[in-house]
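Have a look at the structure below before the remarks.
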């Protein structure tokens, strides 16, 4: 008797996040194209979509969600978890978003540009107390409430140098501690601010877009951009963008 069972394999998990807030994209009008062909995904809520039995070939995936700019990403299984291959996809809200929120946009083109992101130094979520480099465990200051740094990516702000280092939390531990996915590469000072990262989008020709919510009087961000492998930083006031560009 032949085995009539049907086996399902999860080939990819994409989690869509709003680049300006870090929160899951709740919009359900979403379409996925792999190598220019529409591919079906099962929505699992909180911006998560799973692809079942679609194969694990490397290629390009295009994400189109209503109210957001289209996003193209490379899917390279050699860099993903073999058991649960997953990618966080940060989508930039359209300037004319259907929800009516005010969005401020920095855009342009810079040859050799590879990535662009930003933090708001005036809006830290916590600060660093100590770091065990061998165990990759960071202790933070956050009195009277539970630490929650597991859902969003963060930058450790160096107030003296005017730079920041990306942090990605692996898991949360008791005692206001978290374990990072990789160790800190740069030195830090006690009580250095930890801020949420806002991700921009860069095309192959160096065209870039970085957008923030118009949600306060102080919108001065520290922008980090990588050009030909070199990190550059620039303070930008999103209330005063006339003539501002990356160079």
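The values are calculated or read from the model by the stated rules, or taken from the named source; none is laboratory data. Note that the structure is predicted; figures quoted are calculated from it, not measured. All Cβ positions, glycine included, derive from the backbone under ideal geometry; neighbour counts span all protein chains shown.
Selection of the stretch 54-79 for residues being touching a strand residue (DSSP E or B) at 6+ places or on another chain (Cβ under 7 Å) and more than 24 Å from residue 208 (Cβ to Cβ) yields 54, 55, 56, 58.
The set of residues in the stretch 81-123 that are over 25 Å from residue 214 (Cβ atoms) and touching a strand residue (DSSP E or B) at 6+ places or on another chain (Cβ under 7 Å) comprises 84, 85, 86, 87, 112, 114. Of all residues in the stretch 56-78, those being surrounded by fewer than 16 Cβ atoms within 10 Å (Cβ to Cβ) and within 19 Å of residue 9 (Cβ to Cβ) number 7.
Residues in the stretch 157-180 that are within 18 Å of residue 195 (Cβ to Cβ) and under 17 Å from the mean Cα position of the chain (by Cα): 157, 164, 165, 166, 167, 168, 169, 180. Filter the stretch 132-156 down to the residues that are closer than 21 Å to residue 222 by Cβ and assigned to a strand (DSSP E or B), then identify the one that is modelled with the lowest pLDDT. By that ranking, first place goes to 141.
Of the residues making up the stretch 16-55, those that are buried (at least 18 other Cβ atoms within 10 Å of the Cβ) and within 14 Å of the chain's Cα centre (by Cα) are 16, 17, 18, 19, 20, 25, 47.
When the stretch 103-114 is filtered for residues that are in a loop (DSSP other than H, G, I, E, B) and surrounded by 13 or more Cβ atoms within 10 Å (Cβ to Cβ), only 110 remains. What about residue 194, is it outside any strand (DSSP E or B), touching a residue at least 60 places away in the same chain (Cβ under 8 Å) and either over 26 Å from residue 219 (Cα atoms) or touching a strand residue (DSSP E or B) at 6+ places or on another chain (Cβ under 9 Å) (or both)? Criteria not met by residue 194. In the set (1) buried (at least 16 other Cβ atoms within 10 Å of the Cβ); (2) within 24 Å of residue 136 (Cβ to Cβ), the condition left unmet by residue 151 is number (1).
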